[in-house]
1. Determine whether L308 is at pLDDT 70 or above, more than 19 Å from F186 (Cα to Cα), in contact with a helix residue (DSSP H, G or I) (Cβ under 9 Å, 6 or more places away or on another chain) and not in a loop (DSSP other than H, G, I, E, B).
2. If a residue must be under 16 Å from T237 (Cα atoms) and either assigned to a helix (DSSP H, G or I) or in contact with a Pro (Cβ under 6 Å, 6 or more places away or on another chain) (or both), how many such residues does segment 178-223 contain?
3. Just one of (1) in a loop (DSSP other than H, G, I, E, B); (2) at pLDDT below 90 trips up I133, so point out which.
Amino acid sequence: MRPRQPLWCCLALLAFAHSAAQAHTKSETHSVWQISGNVVQLSFTTPLPESKRLAKSGEDQPPDGRVLDYLQQHLSVSSKGGICSVRQRRALAATSQFRRFEMTFTCPSTTQIKLHSSAFFELVPSHVTFAQIETTDGQFVEQLFTQDQQQVDASAGDARLRDASFFEYIRLGIMHILTGPDHMSFLLGLVLISRRLRDLIFVVTGFTVGHSITLALAVTGILRPHAEYIDALVALTIAMIGAENIAVATHRPGTVATGIGLPLIVMAAASFAGIGTLPPLLLLGSALFCSNYLMLSGHMRDAGRLRLVITLVFGLIHGFGFAATLLEMQLPPAKLGQILLGFNVGVEIGQLSLVLTVMGLVTVLVRAKLSLPRPIVVDSVAAGLVAIGTYWFISRSYA
């Protein structure tokens, strides 16, 4: 049998995806800066998974005082006369998804006001802080604080104060893919199961379509995503694409469908008893969808087009995570449209770049006779995907 794909290459990518979990660009916080003369009012919002990075061993969430101390060390304002002093700071009531903190800065001057944010960059280098800035003269703009851009000149009338460019959101979409272990694991599964490059590009594009639909629904306010469910469902999708590889390779879709559907039904029963964070109906629906999809794909001779369904669903689910951050920012609809387009263009570029790079590397290694037979590759890497996806799903469902 002619070898088709290199085992060590795929395993290395899988290991990288797992180890890169802490560097996921999904790490995001939001800030609102209101400048009134020499006073700057800051409202900083952090999702619970982000604030948990400051927790000590055994803590579910760090106390308000520790978070405020950390933010005061990493968020600052300066003006022409020097560093602005912190006049007041406080923690607002937390929600089921976010924690909010307020700080008030008093500056020695009303000119040359600069905002600085270095929060979370030492913990997650790819972290992004979305910033809304309202200047004294009523100018309203949006900016992105990144590891490479930790300071913004917010002087009234300063030409350097401008909205984050369209290309910045394209870059953010690209990095969202290339530094996201969830995305990379799922795309690795698609590379394994797709025998033709045309089919691979087709289903990968389905992810972006799903992402676009979700963000469009978020812009119009039709749906409000529940961020506490999103990460678990994304992990389930990764486990399922690995399970599909196994079902196709072993020609036993019924056994694999039972193996993924039955545990979900058991988890739904436990959820009815109050165990776990996912709703029982969501778990039952997931069991029904996963089992039926695996049965269909396992009995079809060419299921390439059917996989558009799973990539579309994956795009919808993971798009909810990004949509949740946009809704929390409360950006104007016109700005959301620009973010939607730029981010999704970046996602598509990132996906196709990753897939084409992997396929090119595979081709080179196959021609150099450094590969193993395809069945060994599929079984080994698919098992790894199922293991990682299941681990993420269970840990996120009962966090």
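The values are calculated or read from the model by the stated rules, or taken from the named source; none is laboratory data. Bear in mind the structure is a predicted one, so any value in this text is a computation, not a measurement. Cβ atoms come from the backbone with ideal geometry, glycine included; neighbour counts cover every protein chain shown.
1. no
2. Residues in segment 178-223 being under 16 Å from T237 (Cα atoms) and either assigned to a helix (DSSP H, G or I) or in contact with a Pro (Cβ under 6 Å, 6 or more places away or on another chain) (or both): 20 in total.
3. The one condition I133 does not meet is (1).
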